[in-house]
1. Can you tally the net charge around residue 80? Count Lys and Arg as +1, Asp and Glu as -1, for every other residue whose Cβ sits under 15 Å from the Cβ of residue 80.
2. On average, how much area does the Cα convex hull of the stretch 1-154 cover when viewed from any direction, in nm²?
3. Roughly to the nearest percent, how much of the accessible area of the chain is carbon and sulfur, given a 1.4 Å probe?
4. Under a Cβ-Cβ cut-off of 10 Å, what is the net charge of the residues other than residue 108 that fall near it, where Lys and Arg count +1 and Asp and Glu count -1?
5. At a temperature of 4 °C and a viscosity of 1.567 mPa s, determine how fast the stretch 40-82 diffuses translationally according to Stokes-Einstein, using the Kirkwood radius over alpha-carbon pairs as Rh; express D in µm²/s, rounded to the nearest whole number.
6. Mind listing which chymotrypsin sites (Phe, Trp or Tyr not before Pro) in the stretch 91-140 are in a DSSP loop and have 14 or fewer other Cβ atoms within 10 Å?
7. Give me Rg over Rh for the stretch 65-151, both radii from the alpha carbons and Rh done the Kirkwood way, two decimal places.
8. Which translational diffusion coefficient, to the nearest whole µm²/s, is obtained for the stretch 1-81 from the Stokes-Einstein equation, given a Kirkwood hydrodynamic radius over C-alpha pairs, 25 °C and 0.890 mPa s?
Amino acid sequence: MSPTQSAKAQMRSTMRTWRRSLDDAALTRRSARLVAHVTPLLAPRGLIVGYDAIRGEPDLASLWENCSAAGATVRRVTSADDPRTLPLDDVTAVVMPALAVTPTGQRLGQGGGWFDRLLARCDAPVITIAVCFDEQVIDTLAVDDHDRSVDLVVTDQRVIVASADTTGQQPS
């Protein structure tokens, strides 16, 4: 295992442990605040690719309802979907969960590279948004060459417009 892979594995373990510490009431309350921050950034925005939350992730079900009601099309994806074959015509935004993320838009996901593979296929400019709770925003993160940065980081406390990362790569 490379030093980068080891650092990522350790951060994933730390953040998963922290997420498990959230009780259901806190998760619901904080998810609602996060939805309030991200809703104005999306609705209506054409085709939005989103996700269905797993335990500990921000629950965005009400966001998807709000966007649909405002006229957007929402495609909720799961890890069972193949990011290499998912239709991406007219995608305007991709909203993805993060285990950890930096203010410069470097994102740590679950480790399968699912969203990185999806974003690599997007031809047109697509706004990319990582969502997490504020404690998951960290100063630095180990990254690989294939890792894609995001444009915006949205938490239950704030919206961060990501800047170029330390390698000079602009957010996707």
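The values are calculated or read from the model by the stated rules, or taken from the named source; none is laboratory data. Predicted, not measured: the structure shown is a model, and the values here were computed from it. Please note: Cβ atoms are built from the backbone with ideal geometry, for glycine as well, and neighbour counts cover all protein chains shown. To get the accessible areas, we keep the full protein, side chains included, count just its heavy atoms, and leave off ligands, DNA and RNA. Shrake-Rupley method; radii C 1.70, N 1.55, O 1.52, S 1.80 Å.
1. +1
2. Values: hull surface 35.3 nm².
Across all orientations, the stretch 1-154 yields a mean hull projection of 8.8 nm².
3. Numbers: 4180 of 8330 Å².
After summing per-atom areas, the C and S share lands at 50 percent.
4. Working: positive: 8, 12, 107; negative: 147.
Computed value for this residue: +2.
5. It diffuses with D of about 120 µm²/s by this estimate.
6. Filter output for the stretch 91-140: empty list.
7. Details: Rg = 13.3 Å, Rh = 13.9 Å.
A ratio of 0.96.
8. Diffusion coefficient, whole number: 170 µm²/s.
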